[in-house]
Each structure stands twice: as C-alpha cells, then as structure tokens.
Amino acid sequence: MNASLPSGSGLSSPQRWSLLAGGYAFCCATVTAVLLADVLGLFAEVIGLPAVLSIPLLASPALVAGAGFWWMLVERPASYTYPRGAVFGLLTALATGAVWSGRFVAVWGVEMLTAGPVPLLVGFVLGATALAGTLVGLPFAYVRRREETRRDAAATANSL
C-alpha cells in the first residue's frame with residue numbers, strides 16, 4: 001500500500017500529510033456526528049444550524065484542527081509515534097467540541113451551560129468525541145509510520 005500523495009502538488013511531504021490528516025479528521029468527525037446524531041441534532045437546532053447541513057457543519061472544525069495538530073505534534077518534530085497520533089486525535093476532537101460549545105455560549109449565554117441537563121449532555125458529547133478522537137488518531141499514525149519506514153528502507157536500498 002502506497003499511502004503517499006503525488007509529489008506534483010508543490011507541497012512538501014509533511015504538508016501533504018498534514019492536509020491528509022485534516023481530511024481524515026473531518027471524515028472521522030462526520031462518522032462520529034452521525035453516530036451521535038440524536039444528541040447532536042438537538043444541539044444543532046438550538047444553536048441555529050440548518051438541519052440538512054448540521055452533520056458536515058458540526059464536523060468541519062476537525063478539518064482545520066486536524067491539519068494543524070498533526071503538523072504541530074507529528075510532522076514538525078518528525079516524530080511518527082502512536083502516542084502522538086492519539087494526542088492528535090484527542091486534541092482535534094476537543095478543539096472541535098470547544099468550537100461548538102463556544103457557539104452554544106454565544107447563542108444562549110454562559111448561564112445556560114449550567115441549566116438542567118445541559119452540562120450532562122455537553123459532557124457526554126465531549127467525552128464521546130474525545131474517546132473517538134483518541135482512537136481514530138492511532139490508525140492514521142500507523143499509516144504514517146508505515147510510509148516513513150517504507151521511505152527509509154527505499155533510501156537505504158538506494159544508498160547501497
């Protein structure tokens with residue numbers, strides 16, 4: 001399996017991997033939003049998101065956050081480890097949740113975060129997405145490690 005992106009894009013390999021990580025995070029956030037659709041549908045309605053686009057809109061911050069966190073945690077230090085992959089997923093999920101929690105506060109005010117079942121719902125959604133984010137970061141780290149190992153092996157073979 002060759003997971004590298006074509007080099008004709010004008011981007012360096014770390015930049016391509018960071019963009020790919022953002023796309024991967026968006027796809028995983030979309031799947032998570034579908035799985036939590038009952039709770040998130042209500043949430044989207046109360047913050048004024050259109051029902052038809054609520055799932056991709058709720059997942060959209062993961063696109064930017066995923067690319068940024070992958071760049072900062074993995075590509076920039078060139079450390080392709082599983083713990084860094086897990087932290088990438090966790091931070092991407094929490095950043096996505098923080099964006100929408102901020103939107104909730106902007107619409108309803110801070111006092112609504114303490115009203116009735118709202119803290120329980122917010123905690124449940126953030127907890128579920130944090131767990132999902134941590135787990136989905138690991139396969140991406142695996143693919144990146146495998147590509148780096150393949151590239152190193154090819155470079156070694158060429159130098160002999």
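Structural remarks
- Pro56 being out of contact with any strand residue (DSSP E or B) (no Cβ under 9 Å at 6 or more places or on another chain), open to solvent by 20 Å² or more (accessible area, probe 1.4 Å) and not in a helix (DSSP H, G or I): no
- Against the numbered list (1) of a type outside the set (Ser, Thr, Tyr); (2) in contact (Cβ under 8 Å) with a residue 24 or more places away in the chain; (3) surrounded by 14 or more Cβ atoms within 10 Å (Cβ to Cβ), Phe124 comes up short only at (3).
- The residues of segment 69-85 that are without any contact (Cβ under 8 Å) to a residue 60 or more places away in the chain, open to solvent by 50 Å² or more (accessible area, probe 1.4 Å) and outside any helix (DSSP H, G or I) amount to a single one, Pro77.
- One residue from Ala65, Ala153 being small (Gly, Ala, Ser), open to solvent by 30 Å² or more (accessible area, probe 1.4 Å) and under 22 Å from Pro14 (Cα atoms): Ala153
- Residue check, Ala51 surrounded by fewer than 20 Cβ atoms within 10 Å (Cβ to Cβ) and more than 30 Å from Pro14 (Cβ to Cβ): yes
- Arg144 open to solvent by less than 30 Å² (accessible area, probe 1.4 Å), more than 21 Å from Val34 (Cα to Cα), assigned to a helix (DSSP H, G or I) and modelled with pLDDT of 95 or more: yes
- The number of residues in segment 92-147 that are over 16 Å from Ala25 (Cβ atoms) and hydroxyl-bearing (Ser, Thr, Tyr) comes to 2.
- Note on segment 43-68: residues that are aliphatic (A, V, I, L, M) and touching a residue at least 60 places away in the same chain (Cβ under 8 Å) total 2.
- Filter pass, Leu126 being assigned to a helix (DSSP H, G or I) and over 20 Å from Ala44 (Cβ atoms): no
- Answer residue from segment 105-116, given it is open to solvent by less than 60 Å² (accessible area, probe 1.4 Å) and modelled with pLDDT under 90 and is farthest from Ile47 (Cα to Cα) among those: Ala115
- Any hit, segment 86-101, residues being touching a Cys at 6+ places or on another chain (Cβ under 9 Å), surrounded by 14 or more Cβ atoms within 10 Å (Cβ to Cβ), more than 18 Å from Ser13 (Cα to Cα) and of a type outside the set (Gly, Ala, Ser): yes
- Residue count for segment 87-114 under the criterion of being under 10 Å from the mean Cα position of the chain (by Cα) and either at positive phi or in contact (Cβ under 8 Å) with a residue 60 or more places away in the chain (or both): the result is 5.
The values are calculated or read from the model by the stated rules, or taken from the named source; none is laboratory data. Since the model is a prediction, treat every value here as computed from it, not as a measurement. Using ideal geometry, Cβ is built from the backbone for each residue, glycine included, and neighbour counts are taken over all protein chains shown. Side chains are part of the model used for accessible areas, which takes the heavy atoms of the whole protein and leaves out ligands, DNA and RNA. Shrake-Rupley method; radii C 1.70, N 1.55, O 1.52, S 1.80 Å.
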